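Presented below is the structure to which this report refers.
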Amino acid sequence: MAKPFSTDHPFLNGYFAPLHLEGDASDLPISGMLPVEMDGTLYRIGPNPQFAPRGDYEWFAGDGMVHEFKLSAGRASYRNRYVRTPKWQLEHEAGEGLSAGTVAPSPLDDPRLAQLRSTLANTNIVRHGRNLLALEESHAPYALDQTSLSSLGYETFGGDLVGPMTAHPKIDPVSGEMIAFAYQTAGLGSRDTRVHVLGADGSLRRSERFMAPFASMMHDFAVTASRIILPVFPLTASIDRAGKGLPAYAWEPELGNHIGIMSRRDGVASMRWFRGEASYVFHVLNAYDTEDGKVVTDMVRYDVPPGYRMADGSPARGRQHGARLVRWTFDLARDDERYTDAPLSDMQVEFPRVDDRHALQQHRHGWFVSGSANTNVGEASDRASIAHIDTQTGATRLWRPQRNDFAGEPVFVPRSPGAEEGDGWIVTVVYRGDTHRSDLVVLEALDIARGPIATVHLSHHVPAGFHGNWYSAA
Ligand SMILES: [Fe+2]
């Protein structure tokens, strides 16, 4: 029998409370005017445990739920569905939670879970080739039907993809290729890392293995028109440590950062390593090549990864504050291992997004969440705002919603296919803490401080999630 969820766990209540319903809603009420040119679909995904976990639930370990907003001709509809992975199906048949609710295996897990190839798909949702894929970095991609959002099964691209795949693949807007990677592919604590290249048609064209300098959590990476950049930060993984009751993932700043850069054409044989002072990055805004042979990556950098511990189990030491946007420049013409690190803004930000038509090329604008609902990714605050940083001028703009309102990742929607960079809208799902409901908010991308030009109202809440993407109907 299904047990009640904890009523005091921070990741199971309020903004984070799981939704127990799947449904469809047409012609949602709208305040303001939804631009009639907006014609497409926004997908969002996040953790949403089907059943109460048996142990101390970790946010990253919840079953995935997809939220779809279709906007067309000034009207809006909504649909949500669980990603019905084998774990979801097993628990559905059992009628209760069988997992501890932790990312690493736990003695509280039902032994049948260990037999499953994969269990989670909750971090990002991308369309590529003919596929709509729900992604989580420790597992294979999970394919969904684009019309109904029903679960189709693991996508191995014709059986060619072995093991997991990152939740942050990069899609080249010029070639249509999808570039991805996978870490610890030989198991927790292994240095085995892979780089995958998929053609525009969704087929796996190349998959190469290399050994990272040490096993670590690699959440995101960067790609330019000519290079693949794989940062290895010293948030290390060790199965030996986990076996002794110490953290599976621990902060070991003495190891420093190791940033691997390889040519897209020549692959891992061309890998070159750069070294720098320890820091941690969950998310990259964008990266590009310069005309004088440099590689530039803009990303959201923490001095110390929030919520993690040292190898001995003590709290992570170092300056602990929220993340800031920085620019790293790698001069490929020099033969040393150094790179430069320059701040682009003092604003505390996360969930960086660029105008995806400029992905892998030089960009000017970035949009972010500023402030956070949880201490896992930053400092807890009484609201989460949307920030815009013009990396050319350094100008910043902010849209601050009401107190107790939390905006999710901002996604850029171009006004038209040929519009200038940044000419369009930002869509973001905002949780209204006072009424325990969510709205889809539309902002003018280059004038976010003006506030919403349209707000689509849901009668229920969309739980705190991770990532999503917009796909124009055209
Ligand atoms: Fe992420």
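The values are calculated or read from the model by the stated rules, or taken from the named source; none is laboratory data. In this text, all values refer to a predicted model and were calculated from it rather than measured experimentally. Here the Cβ is made from the backbone with ideal geometry for all residues, glycine too, and neighbour counts use every protein chain on show.
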## Note on the structure
Taking segment 213-244 and keeping only residues that are in contact (Cβ under 8 Å) with a residue 12 or more places away in the chain and over 23 Å from L285 (Cβ atoms), one is left with P213, F214, A215, T236, A237, S238, I239, D240, R241, A242
### Task
State whether the residues of segment 168-178 include one that is in contact (Cβ under 8 Å) with a residue 24 or more places away in the chain and touching a Leu at 6+ places or on another chain (Cβ under 6 Å).
yes
### Message
Among the listed residues G422, G418, G394, identify the single one that is touching a residue at least 60 places away in the same chain (Cβ under 8 Å) and assigned to a loop (DSSP other than H, G, I, E, B).
### Response
G422
### Query
So is Y288 out of contact with any helix residue (DSSP H, G or I) (no Cβ under 8 Å at 6 or more places or on another chain), hydroxyl-bearing (S, T, Y) and within 16 Å of the ligand (Cβ to nearest atom) or not?
no
### Task
Kindly establish whether N80 is touching a residue at least 40 places away in the same chain (Cβ under 8 Å), assigned to a strand (DSSP E or B) and polar (S, T, N, Q).
yes
### Task
Please specify each residue of segment 451-474 satisfying the condition of being more than 16 Å from the ligand (Cβ to nearest atom) and under 19 Å from E421 (Cβ atoms).
W470, Y471, S472, A474
### Query
Would you pick out the residues in segment 115-135 that are hydroxyl-bearing (S, T, Y) and within 16 Å of the ligand (Cβ to nearest atom)?
T123
### Query
Looking only at residues in segment 153-176 that are crowded, with 19+ Cβ neighbours inside 10 Å and either among the small types (G, A, S) or away from the ligand (no atom under 16 Å from the Cβ) (or both), which one is nearest to D266 (Cα to Cα)?
L161
### Task
Can you run down the residue pairs with Cβ atoms below 9 Å, 6 or more apart or on separate chains, where the first is in segment 304-327 and under 16 Å from E277 (Cα atoms) and at pLDDT 90 or above and the partner is part of a loop (DSSP other than H, G, I, E, B) and basic (K, R)?
V304/R317; V304/R319
## Note on the structure
If you go through D346, D423, D355, D405, the only one that is more than 24 Å from P47 (Cα to Cα) and buried (at least 17 other Cβ atoms within 10 Å of the Cβ) is D355
### Task
Could you tell me whether G245 is of a type in the set (G, A, S) and part of a loop (DSSP other than H, G, I, E, B)?
yes
#### Entry: Failed criterion for S216 (all others in (1) among the hydroxyl-bearing types (S, T, Y); (2) within 16 Å of the ligand (Cβ to nearest atom); (3) modelled with pLDDT under 95 hold)
(3)
### Message
Yes or no: segment 68-86 includes at least one residue that is crowded, with 19+ Cβ neighbours inside 10 Å and more than 30 Å from I426 (Cβ to Cβ).
### Response
yes
### Query
Under the condition of being touching a residue at least 40 places away in the same chain (Cβ under 8 Å) and under 22 Å from the mean Cα position of the chain (by Cα), which residue from segment 245-277 is nearest to the ligand (Cβ to nearest atom)?
Y249
### Query
Looking only at segment 425-449, which residues are without any contact (Cβ under 8 Å) to a residue 24 or more places away in the chain and out of contact with any Lys or Arg (no Cβ under 9 Å at 6 or more places or on another chain)?
T435
### Query
Looking only at segment 318-367, which residues are away from the ligand (no atom under 16 Å from the Cβ), assigned to a strand (DSSP E or B) and hydrophobic (A, V, I, L, M, F, W, C)?
V326, W328, F330, A342, L344, M347
#### Entry: Condition broken by F282, with the remaining ones in (1) within 16 Å of the ligand (Cβ to nearest atom); (2) farther than 24 Å from H196 by Cβ; (3) not small (G, A, S) satisfied
(2)
